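Here's the structure, in structure tokens; my notes come after.
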Amino acid sequence: MYKRILLKISGEQLAGEYDSGLDPAKAKWLAEEVKKVIDQDCQVIIMVGGGNYLRGAQIAGHGIKRTTADHMGMMATMMNALGLTDIFEHEDIKTRCLSTIFAEQVAESFSHRLAEKHLENGRVVIVAGGSGRPYVTTDTAAAILALELGCDVIMKATKVDGVYDSDPAKNTDAKKFEKLSFQEAVENDKIKVMDKAALGMAMEQSMPIIIFELDKPGNIARAVSGEHVGTTIS
Ligand code: UDP
């Protein structure tokens, strides 16, 4: 039974039915899933991606510096975090958006103490801005944050129900890994489910990672109660 989890939700997942932007219906659905976890007295921190708007590495060039492109990516995560926070609150979940980039007018600034306070008061903390630094993604930001806030586990939501040796959407013979060691996950070039930087960081501090399918109802709550879900990297 986990007491505090870091949930990493990519921008792509938040786009739901759409090609880009935030799908409010998908966000509402996520709120309902998170509510089941809160009912288990588990504290939840959410790191949102921004890929439904843009990713820095893709937009850099033609005059846009990589650092600026990453700043734009961080803004994208901010848009998701703000929308998600409102939808969570609308669903009666006590939620706070904390931003790692200074944006006092739109969100409280992230600090370790403030995040702890909100979590201890039973609020879901949604983090905007990733790590607040360029050249990394929200996967790596999620790993840092999970360590900083002493989470029991990093849960990364994906489209498929875990890690496979090839793309199960393209290859019917694809084999699912129920468990993986950090070593295997880092060294196997075919495993692209999470940034190597994030994996390396989790490995160094023995922070387990669960890769699971978001769209299966009850999956997060099941994992929190100790049931095996998706693929565990430990
Ligand atoms: N980003 C960044 N630093 C961080 C987190 C994110 O610079 O700590 C930028 C980066 O450009 C990234 C973008 O924000 O591409 C959106 O995040 P990400 O690609 O992780 O989103 P996801 O693929 O999870 O939706």
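The figures follow:
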quantity: Matching residues in segment 134-174 - criterion: being near the ligand (Cβ under 10 Å from one of its atoms) and without any contact (Cβ under 8 Å) to a residue 40 or more places away in the chain; calculated: none
quantity: Selected residue (criterion: farthest from the chain's Cα centre (by Cα)) from residues of segment 57-71 that are more than 8 Å from the ligand (Cβ to nearest atom) and of a type in the set (D, E, K, R); calculated: LYS65
quantity: Top-ranked residue of segment 46-97 - restricted to ones that are in contact with a Ser or Thr (Cβ under 7 Å, 6 or more places away or on another chain) and hydrophobic (A, V, I, L, M, F, W, C), ranked as surrounded by the most Cβ atoms within 10 Å (Cβ to Cβ); calculated: VAL48
quantity: Residue within segment 114-127 that is out of contact with any Leu (no Cβ under 9 Å at 6 or more places or on another chain), of a type in the set (Asp, Glu) and at negative phi present; calculated: yes
quantity: Residue in segment 173-192 that is among the acidic types (Asp, Glu), within 15 Å of the chain's Cα centre (by Cα) and surrounded by fewer than 20 Cβ atoms within 10 Å (Cβ to Cβ) present; calculated: no
quantity: Counted residues, segment 72-98 - those being of a type in the set (Asp, Glu) and either near the ligand (Cβ under 8 Å from one of its atoms) or out of contact with any strand residue (DSSP E or B) (no Cβ under 9 Å at 6 or more places or on another chain) (or both); calculated: 2
quantity: Residue in segment 101-111 that is surrounded by fewer than 18 Cβ atoms within 10 Å (Cβ to Cβ), in a strand (DSSP E or B) and out of contact with any Cys (no Cβ under 9 Å at 6 or more places or on another chain) present; calculated: yes
quantity: Residue satisfying condition, being assigned to a loop (DSSP other than H, G, I, E, B) and among the β-branched types (Val, Ile, Thr), within set ILE144, ILE191; calculated: ILE191
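The rows are residues; the columns are (1) farther than 16 Å from LYS156 by Cβ; (2) touching an Asp or Glu at 6+ places or on another chain (Cβ under 8 Å); (3) part of a loop (DSSP other than H, G, I, E, B); (4) free of Cβ contacts under 8 Å to residues at least 24 places away in the same chain.
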{"site": "LEU7", "(1), (2), (3), (4)": "no, no, no, no"}
{"site": "GLY16", "(1), (2), (3), (4)": "yes, yes, yes, yes"}
{"site": "ALA25", "(1), (2), (3), (4)": "yes, yes, no, yes"}
{"site": "VAL34", "(1), (2), (3), (4)": "no, no, no, no"}
{"site": "GLY50", "(1), (2), (3), (4)": "no, no, yes, no"}
{"site": "LEU54", "(1), (2), (3), (4)": "yes, no, yes, yes"}
{"site": "GLY73", "(1), (2), (3), (4)": "yes, no, no, no"}
{"site": "THR85", "(1), (2), (3), (4)": "yes, no, no, no"}
{"site": "LEU98", "(1), (2), (3), (4)": "yes, yes, no, no"}
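Read-outs throughout are calculated quantities, based only on the coordinates presented, and are distinct from any laboratory measurement. Keep in mind the model is a prediction, meaning the values are calculated, not measured. Here the Cβ is made from the backbone with ideal geometry for all residues, glycine too, and neighbour counts use every protein chain on show.
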